[in-house]
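Visitor: One structure coming up, written as structure tokens, with questions to follow.
What follows is calculated from the coordinates using simple rules that are stated; it is not laboratory data. Just so it is clear, the structure is predicted and the values come from calculations on it, not from any experiment. Cβ sites come from the backbone with ideal geometry, for glycine too, and all protein chains shown count toward neighbours.
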Amino acid sequence: MVKLFKNLWYGLDLTRKIVLNLVFFALLFLFISLIIASGDKPEVENGVALVLKPEGYIVEQLTYKDPIDAAMDEASGKDDPPETLLYDLIDALKNAKDDDRITLLVISTRYFMGSGVSKLQDLSKAIEDFKSSGKKVIAYDDFYSQHQYHLASQADEIYLNPQGAVFLTGFSRVGTYFKSLLDNLDITMHVFKVGTYKSAVEPFIRDNMSDAAKTANKAWLGDLWGDFVTDIAARRNITSDDISSYINNYKEALIENKGNSAKMAVDKGLIDKLATRIQFRENMINLLGIDETHKSFKQISHKAYLKAIRSPIPYVNPRTNKVAVITAKGNILDGEQKEGNIGGDTVARIIRKTRQNDKVKAIVLRVDSGGGSAFASEIIREELLKAQADGIKVVVSMGDVAASGGYWISASADEIWARPTTITGSIGIFGMLPTFEKPLNKYGIFRDGVGTTKYSNPIDTGQPLSKDVAKIIQTGIEAGYEKFLAIVAEGRGMTRNEVDEIAQGRVWSGKQAHKLGLVDQLGSLNDAIQSAAKLAELKDYDTWFVKRELSEKELFLKQLLGTSNIQETFNEKAATPRKPSLKNQFMRQINNTISQLEIWNDPNHAYANCLCNIQ
């Protein structure tokens, strides 16, 4: 019997090993096949159109998503908006400008869901540079929202579906307010803040926007909208007043045109030609020739084009001097964070590793953040100060938003660049803490106990906040505000009182911030890079975009499960990114406010955040 069981066990063990080996080799074969497939470069034929097709939102940095989660979401049809990297679009345009194989540029905004004004201006500048080659730019869509139209307005010819429309609305700053809900739930929201205009806490202590917040928001929204309209008017050879009239008289004009919004857009000079999808495709086939495989005009998407021209393995020349570009995008949080948020420890480590490279002579910090943890912001700033102490020039380039904590990490730079449409300032600080003792007590749940000192259990969300602890937090918030003022005063060469006058949590446009001395220069990321090189006295240098190093697990999963879904825009079988439904858009707006309470993790409960998004 013993011998029989031994033989059975041996057989089972052998079977287990064989099965495991088969699974291993199957996965290995799949892994190698995917790598080989991903390494196949698309061919760029002569006489093709480059199709610029941003999908979802244009961003400074792609949000990190676990490859397994991404694959599961794709399989389940989850409709999280996709993202398109701004610099992929710019890089494609830069290379296509002098590429003789590329005949013209087609802008497709069909799946473009939005972007900040500064990013749109950066992209428009790249398209303008492309046009300097003499190559034509054509835009087509069924319907243009105002962000889509801003991008399309750069084209030499804009086509619109006869059933479509150009709908311009203006900018707004609308929030969701929860005070009455919190009162109904008997939740006590303890708020500690400094700054008349520090409105980030208002959704939890008011049912509407304060007059002070409305005043500040109207000012910077007006600046952004003015630049937005001016950009469009200049390209379409019309006036800003023409656009304002188009918006304000839209209803009357639509009635006059018997609901024909497409004809109205042509009459007002916003659209050049009307064409159905079939008509547009046939026009482009006549212009470029036919792609027999896809039965459409000869084209290559910007994704496929980049894959064709880029090296599969990024190379950084170890012998050249460098201007290093580090991106800080998202909420500033304590500790380690993946792309999409700014981890104080993560970004500080990237800066430290960068400054320890003896070929790096300047660092450009690209900031696109409304702030977050004051503690994490200071951790990042201190690492930048050490880089400056080591003789490295530090220049900040502000994207769409660089406010509150985003301005905190910027203030000490040798030079600050922003777009006129950048949202910045918001120099203020707050703390917020909910306690749930009332709803718990109402349903018979109580918390009680003992401690060795009066502060043994200082913060317990199931018990009322003591006056002593509340005073401690408020004192810390006030000290944090004074530190913020001191940082800005030293970095900008101002007095404490001069900073306080323009601080108080108030948000400014880049244009106003420049006048106030909070920003040194107005310009793009490329302008900031060139200025950093000049400050470092560099004539010959490489620009090095420094990224977080992926772990071995992340690299493996990215290679194994990552896909490059290169579909042509006007191919009938092309993938269709799903736009969020109205219900999901509404829920996302609410969740964006509430989720801040979940992710904020400052050890001192002190936050420098503006929550200054626009619609």
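Visitor: Ranked highest first by the average count of other Cβ atoms within 10 Å around their residues, in what order do 323-330, 457-464 fall?
Guide: Peptide ranking by packing, descending: 323-330, 457-464.
Visitor: Mind ordering 436-447, 257-268 by average Cβ neighbours within 10 Å, highest first?
Guide: The packing order, highest mean first, is 257-268, 436-447.
Visitor: Now a separate question. Among the lysines, which fall within straight-line cross-link reach of Lys131, defined as a Cα-Cα distance under 19 Å, with same-chain neighbours fewer than 8 residues apart omitted?
Guide: Candidates past the 8-residue exclusion: Lys53, Lys94, Lys97, Lys119.
Visitor: Quick one, what does Rg over Rh come out to for the range 340-406 if you take C-alpha atoms and the Kirkwood Rh?
Guide: Rounded to two decimals, Rg/Rh equals 0.96.
Visitor: Taking only C-alpha pairs under 8 Å that are 6+ residues apart, what is the relative contact order of the range 376-479 in percent?
Guide: Dividing the mean separation by the residue count of the range 376-479 yields 21 percent.
Visitor: Stokes-Einstein D for the range 274-419 at 25 °C, 0.890 mPa s, Kirkwood Rh over Cα pairs, in µm²/s?
Guide: In µm²/s, the coefficient rounds to 137.
Visitor: Assuming a viscosity of 0.890 mPa s and a temperature of 25 °C, what translational diffusion coefficient in µm² per second does Stokes-Einstein assign to the range 300-382, Rh being the Kirkwood radius over Cα pairs?
Guide: 169
Visitor: Cross-link candidates for Lys41: which lysines have Cα within less than 18 Å, leaving aside residues fewer than 8 places away along the same chain?
Guide: Lys298, Lys303, Lys307
Visitor: Quote the relative contact order of the range 280-344 in percent (integer), defining contacts as alpha-carbon pairs under 8 Å separated by 6+ residues.
Guide: For the range 280-344, the relative contact order is 16 percent.
Visitor: Ranked highest first by the average count of other Cβ atoms within 10 Å around their residues, in what order do 272-285, 386-399 fall?
Guide: Answer by packing, highest mean first, reads 386-399, 272-285.
Visitor: Right, here's the next one. May I ask for the distance between the Cα centers of the range 492-553 and the range 253-314, given as a whole number of Å?
Guide: Value for the Cα centre distance between the two parts: 37 Å.
Visitor: How large is the convex hull of the Cα atoms of the range 88-175 per residue, expressed in Å³ as a whole number?
Guide: Per-residue hull volume (Cα only) is 107 Å³.
Visitor: By a straight-distance test (C-alpha under 24 Å), which lysines pair with Lys258 as possible cross-link partners, with residues fewer than eight away in the same chain excluded?
Guide: Within reach: Lys268, Lys273.
Visitor: Relative to 2.2 N^0.38 Å, what does the C-alpha radius of gyration of the range 180-284 come to as a ratio? Two decimals please.
Guide: It is 1.74.
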